[in-house]
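Read through the structure below, which is laid out as structure tokens, and then see the notes.
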Amino acid sequence: MLLWAFFLIPLIALVGSAVDLGMGYVTRKQMQIACDAGVLAGRRAMTTGTVDDGVRAEATKFFNFNFQQGMFGSKPFAPSISSTTTSKTTVVINAATTVPTSLMRIFGFVELPVSVSCNASQDFVNTDIVFVLDTTGSMRDKATSADTQTKIEALRSAVLALYDQLAPVQSQLAASGMRLRYCVVPYASAVNIGGAIRAANPNYMLSGPWTYQSRQVVTESTNSSTCGYRSGSFDSRSGMCTFFRYGLRTFDTSQYVSGNSVDVSDLVGTANYYGVTPTAKKPNRVTWEGCVEERSTVRMGSGDMAIPLGATDLDIDLIPNSTETRWKPYWPDVEYTSYQSGIYENDPYKPQYACPSPAASMQGWSRDDLRKYLNTLNPDGGTYHDNGMMWGARWASSGGIFGNNNPDTYNMMPVKKYIIFMTDDQFQTGYGSLYSSYGVEQLDARVTPGGVYSNQTDQLARHKQRFSLLCSQAKSMGYSIWVIGFATKLDTSLTNCASTTSQASTSSNQAALMARFVEIGKNIGALRLTQ
């Protein structure tokens, strides 16, 4: 009994210390959770670049939510909220209290001290964001009948919501000598980038002869029956037939690409209402809107795993140095198919065409200027995802033709680059009825073999593979890519384009699209715990 009594005292001390230290550990762990939540909330609430009363109130609220006064028997305390001596934008919380003991009380230890410390800062680096936005014809529609906005209207609202989410970050970066910039690439079956190309260097655009699928007015001696077959105008007195001959024609683009007005009636004539019979010339002056035909490429297979030599269109940073490597003006006014495509009732030989709004250069936007620009986006045209990705990657690249505007560092701090790619549709390429940045593909055969040797299914597979290779190239250049399907499912090529699986998603309606853009903004401007 004496021995038992002798050993009982240290046994009680051992068990008591384990119980009481365990309670202290649990208390400290919960306080650390509260501390981390508090500094993150306080840092997100910071708008002036200092720890003010608003920051303290927000941090305290989150701390107290996660660790209520008196929890685990702790004594009342108030967390101390401040900034570091070296950084006014880093939120610091220090908190200390005590918790009562149980068995250790026998040995004179009435309470145990518990304290935590943590801080949070913004991951402050320069940030460039490229919006690559599908502005094809389907964006005129609503995503669901319950939506109050069309898809293009919802997209405008979503982009501004992301801007608002990052506005405090933009201000804080500017105050620290850094910057947050945006650019926008609206894409369809062509991209309106010609003005920016010429601003970088006029020689990057071809100014001279270029060949288009077109027509010309021809007058030949024939009979009335043959003239009727040609949809011509027959002069019975002279036996002459005036008709349109369709096929490849070379035009001098120098005046057109320079922004001068060109009378295309002198080039391709004018027609009656049905668009098939030549009539007396009527002036039809046009100016270049700025869309481009892509530079020289090669006919890649749908299974090719690397960009081949000669595909200069897929070489993001290649500086033009020849006719093959220069872009050409997209000229729908002279473009005709050699067969009736039936797209336009009053001009059946005319292929579908569209030229989106001009791409907006990388800059630090005001909200109002961005809103005004977004209001110019006009839905039209087919869906060429590879057009969007190649110009999204070019627009912010530190190499290539826009490299001078996009350094990898600014004020000795690195630049993070993001591409936010939004589409409301799968690829829609229009093999023989669409004039795209690769011409009329059935006739021009730049991406496919053309004619009967290819079809829309083959064309689609080739463009998907080109898109996938462009996505891989953009990621290798350091871009973090987000892909959003708006009221459409993402196929494998779109899902795999995102940098991570969590960065690919579908938004079914306007509210979901808004929420997704806000979420992306939060991720781009993410806070991080530094201790």
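The values are calculated or read from the model by the stated rules, or taken from the named source; none is laboratory data. For clarity, every value in this text was computed on a predicted model and none was experimentally measured. Cβ placement follows ideal geometry from the backbone for every residue including glycine, while neighbour counts extend to all protein chains displayed. Only protein heavy atoms, including side chains, enter the accessible area calculation; ligands, DNA and RNA are left aside. Shrake-Rupley method; radii C 1.70, N 1.55, O 1.52, S 1.80 Å.
A compact table of results
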{"read-out": "Evaluation of S437 against (1) among the hydroxyl-bearing types (S, T, Y); (2) in contact with a Cys (Cβ under 9 Å, 6 or more places away or on another chain); (3) open to solvent by 40 Å² or more (accessible area, probe 1.4 Å) (one fails), failing number", "value": "(3)"}
{"read-out": "Extreme residue, least open to solvent (accessible area, probe 1.4 Å), among residues of the stretch 322-345 that are over 19 Å from A311 (Cβ atoms) and charged (D, E, K, R)", "value": "E335"}
{"read-out": "Odd one out for G403 among (1) at pLDDT below 95; (2) open to solvent by less than 20 Å² (accessible area, probe 1.4 Å)", "value": "(1)"}
{"read-out": "Subset of the stretch 142-175 [assigned to a loop (DSSP other than H, G, I, E, B), surrounded by fewer than 20 Cβ atoms within 10 Å (Cβ to Cβ) and of a type outside the set (K, R)]", "value": "T144, S145, A146, D147, T148, Q149, T150"}
{"read-out": "Qualifying residues in the stretch 71-98 (those that are small (G, A, S) and open to solvent by 20 Å² or more (accessible area, probe 1.4 Å)) - the one nearest to K29 (Cα to Cα)", "value": "A96"}
{"read-out": "When residues of the stretch 406-430 are limited to those that are closer than 24 Å to T312 by Cα and either touching a Gly at 6+ places or on another chain (Cβ under 8 Å) or surrounded by fewer than 18 Cβ atoms within 10 Å (Cβ to Cβ) (or both), the one modelled with the lowest pLDDT", "value": "Q428"}
{"read-out": "Residue selected from the stretch 245-271 under the condition free of Cβ contacts under 8 Å to residues at least 40 places away in the same chain and assigned to a helix (DSSP H, G or I), by the criterion surrounded by the most Cβ atoms within 10 Å (Cβ to Cβ)", "value": "S265"}
{"read-out": "Residue satisfying all of: in the stretch 123-141; touching a Ser or Thr at 6+ places or on another chain (Cβ under 8 Å) and open to solvent by less than 20 Å² (accessible area, probe 1.4 Å); nearest to T89 (Cα to Cα) among these", "value": "N126"}
{"read-out": "Residue pairs meeting the criteria (Cβ under 6 Å; at least 6 apart or on separate chains; first more than 28 Å from S121 (Cβ to Cβ), in the stretch 65-87; second in a loop (DSSP other than H, G, I, E, B) and of a type in the set (S, T, N, Q))", "value": "P76/Q69"}
{"read-out": "Looking only at the stretch 100-111, and only at residues there that are open to solvent by 40 Å² or more (accessible area, probe 1.4 Å) and aliphatic (A, V, I, L, M), the one that is modelled with the lowest pLDDT", "value": "L103"}
